[in-house]
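Colleague: Below is one structure. I have some questions about it.
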């Protein structure tokens, strides 16, 4: 089933526009290793995604919540550059922010936390940056090519929490991971299948501090240390042309969020005056699944569009609220100037959920169904 060459190029490019506005756990961006499949000896692509999640509590300890939404908006950058050394070997250098979170808690939530013996945090956020290199060794197989993919990445980690007792800052400047996979594609039919594994990353944040609130304790600033594991994942991606100018695509991703049982940290020396015993933020998450399906259409040689739906399973088990998410996305690809401009948008529905002290939450709370929004844009140049 043949597609015109111009339609193939548009469809292969626009299929990446299906954007998840609110992925499971702390998931954010993915390294743009798909650039390895694109034509050209040198290909560069850069873009941003803006996400506005609007999660808020419906009740706190049985009372109607009065706080504003606690989840804060964020940006996800993505940069990728492909360099083709030969017909059988190419490498891509990528940057993105794979994990992150940003939450501001209102007075009602802070009070509930303090009364339960918690930190009474007003703000928590963390971010990771991933700098990766992934190479592709390919060989002819039938009408298409087999691709063997593999590479390494450096990932940093930075965590901040502002609470009643003081301000905590943890940082790990470098931890390492790897990815590998196998793919097969027939560009003539816009067909591609790929299975990709990304390793877990263990972070030891030994460069941290805790600045005490002088109204609580006169200890000033002390050292802080923390550790935690961010999960491994496996993703199967499929796409194929089904008629001239038309393509369908989908993916299934498993993420090992069950490794995220807690973030463990300590402040100062527990045996010294003012020292704390080890502390932890409890998550007790379960593994997550993300399933995506979509269709793309090339309207002409310069413009293509796509629409998709994504289901992301909730990973929360009651220590916090991370429920199922449904995302509906659409995007457009336009050949403009020397390259290709892609832009899109998505709307996510965050299903209702709850947390309970019986499941290790600091306080009881519920959330009704909420909405999240995202917009994305990127530009590609091939030469």
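Colleague: So, in the range 187-231, how many residues would count as being over 19 Å from residue 149 (Cβ atoms), in contact (Cβ under 8 Å) with a residue 40 or more places away in the chain and in contact with a helix residue (DSSP H, G or I) (Cβ under 7 Å, 6 or more places away or on another chain)?
Modeller: Total satisfying the criteria: 2.
Every residue, every condition in (1) modelled with pLDDT of 95 or more; (2) outside any loop (DSSP other than H, G, I, E, B); (3) touching a strand residue (DSSP E or B) at 6+ places or on another chain (Cβ under 9 Å); (4) farther than 29 Å from residue 233 by Cβ, yes or no:
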position	(1), (2), (3), (4)
284	yes, no, yes, no
314	no, no, yes, no
319	yes, no, yes, no
335	no, yes, yes, yes
348	no, yes, yes, no
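Colleague: Continuing with the same structure: Could you please find all residues in the range 335-351 being farther than 19 Å from residue 296 by Cβ and under 21 Å from the mean Cα position of the chain (by Cα)?
Modeller: Initially, the range 335-351 is screened for residues farther than 19 Å from residue 296 by Cβ, giving 337-338, 348-351.
Passing the criteria: 348, 349, 350, 351.
Colleague: Which members of the range 245-263 meet the condition of being in contact (Cβ under 8 Å) with a residue 60 or more places away in the chain, outside any strand (DSSP E or B) and either under 18 Å from the mean Cα position of the chain (by Cα) or under 18 Å from residue 204 (Cα atoms) (or both)?
Modeller: Correct list: 257, 260.
Colleague: Could you count how many residues in the range 46-66 are touching a helix residue (DSSP H, G or I) at 6+ places or on another chain (Cβ under 9 Å) and surrounded by 18 or more Cβ atoms within 10 Å (Cβ to Cβ)?
Modeller: Step one: list which residues in the range 46-66 are touching a helix residue (DSSP H, G or I) at 6+ places or on another chain (Cβ under 9 Å), which gives 57, 60-61, 63, 65-66.
From what's left, surrounded by 18 or more Cβ atoms within 10 Å (Cβ to Cβ): 57, 60, 65.
Looking only at that region, the number is 3.
Colleague: Additional query: Tally time: how many residues in the range 337-346 are in a strand (DSSP E or B) and over 24 Å from residue 70 (Cβ atoms)? Walk me through how you get there before you give the answer.
Modeller: Going residue by residue through the range 337-346, those that are in a strand (DSSP E or B) are 339-346.
Add one more test, that the residue is over 24 Å from residue 70 (Cβ atoms), and what stays is 339-344.
Qualifying residue count, the range 337-346: 6.
The values are calculated or read from the model by the stated rules, or taken from the named source; none is laboratory data. Treat the numbers as computed from the prediction; the structure is a model and nothing was measured. Note: ideal-geometry Cβ built from the backbone for every residue, glycine included; neighbour counts use all protein chains shown.
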